[in-house]
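Encoded as structure tokens, the structure appears first; notes follow it.
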Amino acid sequence: MEYEFRSGGKTPKYTNNGMCTLELHHGGWFENEVYKNGKVCYLDNIIEDFLSLLDLLKIGRGLGYEVDISQVEQRLDIRCKNPEGGLELVTSDATVVEMVGHIPSNKVVVLYYSEIEDYEYDANAENCDGDLTQNYQVNEVDYIEVEDEETFENVGTKVANEDAVKEVPNEDARAELPNEDIGAHFTIDNEGVELPNEDIGAHVAIDNEGEELPNEDEDADSEIKDSDYEFSENEAEDRPTVGENIVDEGTSYGALGEVSSDGADTSEFDSGSGTDSEGNGRRKIKLPKFKQYRRDVDLKNLEFRLGMKFANKKLLIEAIKELAIIEGCSFQVYGSKISREEGTFAIKTLSLEHQCGRGDKLRHTTSKWLCDRYANKLKRNSDFDLISFQQDVLEDYKINVTKLQVYRANRLARDLNEGTFKEQYARLWDYVEELKTANKGSTVKIKTQIVKGETVFQRIYVCLAACKKGFLEGCRPVIGVDGCHLKGPYPGQILTTVGVDGNNGYFPVAYAVVDIESKDSWIWFFNLLIEDLGITNEKAWVVISDKQKGLVPAIERVLPTAEHMMCVRHLYSNFRASYIGLALKHILWAAARATTVPWWEAEIEKMKNEDEEAWKWLKKRPAKNWSRSHFESHFKCDLLLNNLCESFNAAMLDARDKAILSCLERIRVYVMLRMASRRSACQNWRYSVGPRIFKIIEKNKLGSSQCIPRLAGEKLYQVSHIYGGEFVVDLRAKTCSCRRWNLCGIPCPHAISAIFQRCENPIAYVDDCYKLKTYMKAYEPVIHPIPSMDQWSKCGLPPIKPPLYKQQPGRPKRVRTKEPGEVEIPAPIPPNPMPPNYIAPPAKLRRVHASSTQMEQGSSSNTVRGRGISRGRGNIAQATANPNSLQSMARGNGEGGRGISRGRGNIAQALVYPNSQESVTKGNGQGVLPSSHIGLGRGLPSSKLSAIREEA
């Protein structure tokens, strides 16, 4: 990459906060912490978040320094300014991040580049003989204290270049060292050459027992030995450890990096005679730090470096295969263990240069590899699309995969997903204990069955303590129940119960996951719910539901005396299956909305007159289950739909395809966040009632304008509606004869008209269940969070197996079967449809002119220029019958046929007023004659006008 350096000029002003400019000082050196003889250039438009040490090294290479990115240690020194104003050495990405975090307001980061000297000068070794033939780097290293010259020779390190990593011992040392080359030689070939190890796609020769590697060209005498990692048995025992004090005072050594003067082995270093900070004469030797491979980070942006460490051989092979797929060409990597005691592998030899071309199909891209790289996407995407998946792989890795590979990868991902499901079922007991510990007083029940000696899951019930307390203190005694399907490899049902809060919103109370929806499962759910809510007087409770499988019989058995309201939408869906018609639909809904029994009877009579069979079908359904006219008034509930449960089911739609614990946790977290948000939102209410209740009151205020209240006694009124009807309103009892106020607790239009006559606020007459104080009681309890699964303590109970499920024949349904009322009838296709990409031209604006014509009688008329008499609002026929209308027609109020030529007046005035002939002749007239006579609005000839006048 070529950088565009700027030698001068102004620094650009960045509108984006993530950009900065680098001020680069280069070509000089540091002397007494002062940078001398350097040059300055600038590099603009640097993205702060993407800046790293590797980028700074590449910039240094662009400035002319010798930088080999494949090497761990560099001969380049980069320094930046720290917050205290001093200079700090940039040695890692952490330093770069800290530097970016302290960028000044002018968005200019100052960096200093300088070369590192080849060796450290030791004054005590000035008089030693020998040439400085070795380069020793000291950048970012650890310290190891050594004892004597022999030990130091064994741990000496050369890392100036790739060849320096390999150290060849002398003849005596080779005679003593066994063949301990521990490692692997990987040769990646994507050109189809036959390799010994075909199953992993690489030439791998591993020797962990000291045997000769089969792919080595050299013999044992010329075997390469790296002193950084490999030791003989004797050397391993004498190997120094970090922090050991093993150097005796008074021992003299040559200068650091010098070759011994006696001509011994030139590959062995003398340690030097420097002393530490305490002055005890102990020398600290600096060894390089090599990059450690971290799979989570480095696998996404893979870059091999010499000396890179891997935790084990498996990670090394995986990284090599990944790089082979990314590069698409052959390369060689040699890695081995650091020592026999440690299983860490390190790269010893790295050769990434190649001259071959890239192919679009690689044998390393197997279905297992696809599953590993795209497992999350395959699990998350329920609607699997083959073509889009192939395009994603081609875009990410520039390779083509076959359909069979994609299908196999999808199957493997599904198997992994099912394994995740099983693991979560096994941790259910631990989840229950964790949930009970975090939320004291919560009810969590699990029901299992023993099948062939194994514990198999059946049902789980959850009622959090905060939901239980909030419902009993701040909600009406109304509960809605419903169920929805689970998705995934182990289908089931989610049973939910919600209440109604003070703002007419749903309040989650309890939920359960069951293997199958049946009468038995609903009875089990209701028994636990009754125990949690403490329901003793069944008549004081209302249950809203639809006709779910086994739900109605369960309610009749468990809560026989409770008021059971049916969802009218589901009732109409069943009604519509046999009786279709818009008239019947309107009558059914009018009967359901009727608030008094006489009004309901009137609607039922209409149904009988319209269709007697439909009337018989409806009479079989008790009106107390679906009509407001038969609802009790002390519940303050007039709901006709079970939308509250449907809304709760829709909110947890994303949790229904997850594993059991993920599903339960998503529901709990959603309820926790909902309660917290409602708790904070009610602090901003402008009125003492909720926003929804206020809208209902405002709507009823508009209806009160059609009511006339008449005072009969203290807070007792007779209200007359302007369209008929008399109503009795008692403000003291908060009732109205229409029963709207009685049922819901919100003043109806008749009551609001009487309240306005008393100059009072209708909000003061709203029932207490809608007030802010009651609403806050419902959402005041807190649902406590719980940690993730890896932090749960195990309870020791036997693991639970997933529920038994028999795969149904045929392809599984992707969407549920919609009810008749949900089916949308598509719009009819027009006879001449426009093309799909057709864009209609913009409408043209016409300029409208107004003119005035003064007639002989003194009346003036305005004429409007138009494209025909059809633009007017009258009829030209009145011009001949009623001369008085000519004035209005002269103003452009006539109507005639289109296609008449352009004119500015009306020819009708020429029929009665000869004096206006001039104006018509001049082009100010417009009439009923063909355009061939009138022309283009230029007027009529005199002969034509005379003939027209005679006919009139």
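Which one is surrounded by the fewest Cβ atoms within 10 Å (Cβ to Cβ) among residues in segment 423-467 that are among the charged types (D, E, K, R) and closer than 16 Å to Val782 by Cα? Can you show your working first?
The initial filter retains those residues of segment 423-467 that are among the charged types (D, E, K, R), namely 423, 427, 430, 433-434, 436, 440, 445, 447, 452, 454, 459.
With closer than 16 Å to Val782 by Cα added as a condition, the list becomes 436, 440.
Working: Lys436: 14, Lys440: 8.
Among those that are among the charged types (D, E, K, R) and closer than 16 Å to Val782 by Cα, it is Lys440.
Keeping to segment 81-113, report how many residues are among the β-branched types (Val, Ile, Thr) and free of Cβ contacts under 8 Å to residues at least 12 places away in the same chain. Working first, answer last.
Kept after step one, since they are among the β-branched types (Val, Ile, Thr), are these residues of segment 81-113: 90-91, 95-97, 100, 103, 108-110.
Filter once more, keeping what is free of Cβ contacts under 8 Å to residues at least 12 places away in the same chain: 97.
Count: 1.
Return only the number of the condition from (1) modelled with pLDDT of 95 or more; (2) in a strand (DSSP E or B); (3) among the aliphatic types (A, V, I, L, M) that Ala712 does not satisfy.
(1)
Residues that are touching a helix residue (DSSP H, G or I) at 6+ places or on another chain (Cβ under 8 Å), of a type in the set (A, V, I, L, M, F, W, C), over 29 Å from Ile347 (Cβ atoms) and not in a loop (DSSP other than H, G, I, E, B): does segment 54-71 have at least one?
no
When the residues of segment 411-429 are narrowed to those that are at pLDDT below 85 and small (Gly, Ala, Ser), which ends up farthest from Phe457 (Cα to Cα)?
This residue is Ala413.
Name the pairs: first residue in segment 37-63 and on the phi > 0 side of the Ramachandran plot, second residue of a type in the set (Ser, Thr, Tyr) and modelled with pLDDT of 85 or more, Cβ to Cβ under 8 Å, at least 6 apart or on different chains?
Listed pairs, sorted by first residue: Asn45/Thr21.
Would a scan of segment 8-20 turn up a residue that is farther than 24 Å from Gly101 by Cα, assigned to a loop (DSSP other than H, G, I, E, B) and not assigned by TED's automatic domain parsing to the domain that holds Val97?
Taking segment 8-20 first, the residues farther than 24 Å from Gly101 by Cα are 8-9.
Those left that are additionally assigned to a loop (DSSP other than H, G, I, E, B): 8-9.
With not assigned by TED's automatic domain parsing to the domain that holds Val97 added as a condition, the list becomes 8-9.
Scanning segment 8-20 turns up at least one residue that is farther than 24 Å from Gly101 by Cα, assigned to a loop (DSSP other than H, G, I, E, B) and not assigned by TED's automatic domain parsing to the domain that holds Val97.
Got at least one residue in segment 359-378 being surrounded by 13 or more Cβ atoms within 10 Å (Cβ to Cβ), touching a residue at least 12 places away in the same chain (Cβ under 8 Å), in contact with a strand residue (DSSP E or B) (Cβ under 7 Å, 6 or more places away or on another chain) and not hydroxyl-bearing (Ser, Thr, Tyr)?
No: zero hits.
Being in contact with a Pro (Cβ under 6 Å, 6 or more places away or on another chain) and not in a loop (DSSP other than H, G, I, E, B) is the requirement here; does Asp44 meet it?
When the stated conditions are applied, Asp44 passes them.
Are any of the residues in segment 70-80 of a type in the set (Val, Ile, Thr), in contact (Cβ under 8 Å) with a residue 12 or more places away in the chain and touching a Pro at 6+ places or on another chain (Cβ under 7 Å)?
Yes.
Quick one: which helices (runs of 4 or more DSSP H) sit completely within segment 738-809 and have at least 1 residues that are under 30 Å from Glu473 (Cα atoms) and of a type in the set (D, E, K, R)?
Values: elements: 740-744, 749-757, 772-779.
In segment 738-809, the matching helices (runs of 4 or more DSSP H) lie at 740-744, 772-779.
Does segment 735-750 contain at least one residue that is among the aliphatic types (A, V, I, L, M) and without any contact (Cβ under 8 Å) to a residue 24 or more places away in the chain?
no
Can you pull out the residues in segment 647-665 that are closer than 18 Å to Leu416 by Cα and assigned to a helix (DSSP H, G or I)?
Ile660, Leu661, Ser662, Cys663
The values are calculated or read from the model by the stated rules, or taken from the named source; none is laboratory data. Everything quoted here is computed from the prediction, not taken from an experiment. Glycine gets a Cβ as well: all are built from the backbone with ideal geometry, and neighbour counts include every protein chain shown.
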